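The values are calculated or read from the model by the stated rules, or taken from the named source; none is laboratory data. The model shown is predicted, which means the values in this text are computed figures rather than measured ones. Glycine also receives a Cβ, built like all others from the backbone with ideal geometry; neighbour counts cover every protein chain displayed.
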Amino acid sequence: MLALRHTASSSLQSTAGLSRGSTTRRFTSSAIHSAEKKRKIVVIGAGFVGSYVAKALISDSRNTVVLASRNPDKLYSSLKHLGNQLLPPAKIDITKPSTILPSIEGADAVISLVGILTGTEQQFIDLQEKGGQNVAQAAKDAGVKRVVMVSALGIDGGETPYARTKLAAEKAFRTLHPDSTIIRPSLVFGPGDQFFARFAKLAKFLPFLPVFGGGRSRFQPVYVGDVAKAVEVVSRDDLEVVNQVGGKIVEAGGPDVFTYRDLMKITLNYAGLASRRLVISLPFWVGYIQGFFLEKLPESMFTVTRDQVKQLKNDNVESDPSDPNHPVDRISIADLLTRFPPANTTTSMFTLDAAVNNPRSVLKSVHDILPTYIGDGAQSGPISGKRMHGRKGAGTDEMLAEVKRMTELAGKAKTKI
């Protein structure tokens, strides 16, 4: 595994680059709680990330939050104990523009979490591309001043429908809202995720965990709570914040870089299965065969698609700021949170130490968080945050049988290579 660590000098340079023209407020929180006017923030998307974003926003007493999605009631019910900062939810359909505008009228900020992980090319176009465009246009029509879109790292090439439609949505936001901020997370993890929790569960049934092409592609897993903190920061209407993040892309990678094989080993380790399960490399073409069959079945925790396998060929990490061709519109999440501490953070020495020594110290690593939700502390219920979009889930027995069959075929194929 590769550890991403900055030197003290590069940390200072990086942080200074984010905060040119800053004032003596450098190491103080900009979220000053006072008798200021309440801000209405609409969060569009009620899945895994949405729950953390809502809690991060509510940590600033000036914010009120509206959860808006096709089915926001479940998330609203799970969070309503947080108090009256959580306003009644709004039912919207992002494919129908007329349903979006009423929910965001009078909003001070809109957070778009529009996205799916699996689906047909047409579903990606309808939901991610056109749905994202509809949200951007509605925010424009409503006169919303702060607009934030959560996108994804590793999409620049646009090699899959997922990547192409994410890029198309980003273009709409940046065209309609030049001061909007795009947040591109790497692999997002935390209780309720669809990666570590999913593979820990799969490892209980499968004889081994497969990686494709040697599992050499690199990832920079980022804790969902840190992504939520970044959303809270960039959604502020504080002029200093807007001047620094308006029109920018925040690259959100965690404190460490791992290969895909590393991530599978880490999963087995925390699941208590390291001595009983292997990580085996298979050719990419075997993954395409698995995806060909599994993507045709109803979505479940066993689902894998050919496009997801294809995406594993590319690294999913932040761009290198030392690269002469590094885009000028990119900001690191670590530098962002060092410069503008989250509303629920006691700052001063915390941010000072990060700026002087290692800005990545403001972020949680997989080793900090994974023990809290896989292994002995694993969730006993289904993985939350699944986005089914009307599709029925497959029975566990049916899907398990299919996955085992394909995995066995893959293993036989490997022995012939």
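Looking for something closer than 27 Å to Val233 by Cβ, hydrophobic (A, V, I, L, M, F, W, C), outside any helix (DSSP H, G or I) and out of contact with any strand residue (DSSP E or B) (no Cβ under 9 Å at 6 or more places or on another chain) - is there at least one such residue anywhere in the stretch 73-93?
No.
Kindly provide the set of residues from the stretch 105-126 that are at pLDDT 95 or above, of a type in the set (A, V, I, L, M, F, W, C) and either surrounded by fewer than 18 Cβ atoms within 10 Å (Cβ to Cβ) or not in a loop (DSSP other than H, G, I, E, B) (or both), ordered by number.
Ala109, Val110, Ile111, Ile125
Select from the stretch 229-261 the residues that are closer than 30 Å to Gly213 by Cα and over 20 Å from the mean Cα position of the chain (by Cα) and list them in ascending order.
Answer for the stretch 229-261, where residues must be closer than 30 Å to Gly213 by Cα and over 20 Å from the mean Cα position of the chain (by Cα): just Arg261.
Across the stretch 137-163, what is the number of residues that are touching a Leu at 6+ places or on another chain (Cβ under 8 Å), under 17 Å from Gly115 (Cβ atoms) and surrounded by fewer than 22 Cβ atoms within 10 Å (Cβ to Cβ)?
The number of residues fulfilling the criteria is 3.
I need the full set of residues from the stretch 94-123 which are over 12 Å from Ile41 (Cα atoms), in contact with a strand residue (DSSP E or B) (Cβ under 9 Å, 6 or more places away or on another chain) and not β-branched (Val, Ile, Thr), in order please.
Correct list: Pro102, Leu113, Gly115.
From the list Lys166, Lys145, which residue is of a type in the set (Lys, Arg), in contact (Cβ under 8 Å) with a residue 40 or more places away in the chain, within 25 Å of Thr99 (Cα to Cα) and in contact with a helix residue (DSSP H, G or I) (Cβ under 8 Å, 6 or more places away or on another chain)?
Numbers: Lys145 fails: in contact with a helix residue (DSSP H, G or I) (Cβ under 8 Å, 6 or more places away or on another chain).
On inspection, the qualifying residue turns out to be Lys166.
List the helices (runs of 4 or more DSSP H) that sit entirely inside the stretch 185-288 and contain at least 1 residues that are free of Cβ contacts under 8 Å to residues at least 12 places away in the same chain.
Passing ranges, in order: 239-245, 260-270.
Test each condition in (1) within 17 Å of Val234 (Cβ to Cβ); (2) surrounded by 20 or more Cβ atoms within 10 Å (Cβ to Cβ); (3) not basic (Lys, Arg) for Asn134 and report the one that comes out false.
(1)
Taking Pro102 and the conditions (1) within 25 Å of Asp320 (Cβ to Cβ); (2) surrounded by fewer than 17 Cβ atoms within 10 Å (Cβ to Cβ), which numbered condition does it fall short on, given that it satisfies the others?
The one condition Pro102 does not meet is (1).
Could you check, for the stretch 140-155, whether at least one of its residues is over 14 Å from the mean Cα position of the chain (by Cα) and more than 24 Å from Ile41 (Cα to Cα)? Steps first, please.
To start, the set of residues in the stretch 140-155 that are over 14 Å from the mean Cα position of the chain (by Cα) comprises 140-147.
Applying the additional criterion that residues be more than 24 Å from Ile41 (Cα to Cα) yields none.
Checking the stretch 140-155: not a single residue is over 14 Å from the mean Cα position of the chain (by Cα) and more than 24 Å from Ile41 (Cα to Cα).
What is the number of the single condition among (1) crowded, with 22+ Cβ neighbours inside 10 Å; (2) at pLDDT 85 or above; (3) more than 19 Å from the chain's Cα centre (by Cα); (4) closer than 24 Å to Pro371 by Cβ that Leu273 does not meet?
(1)
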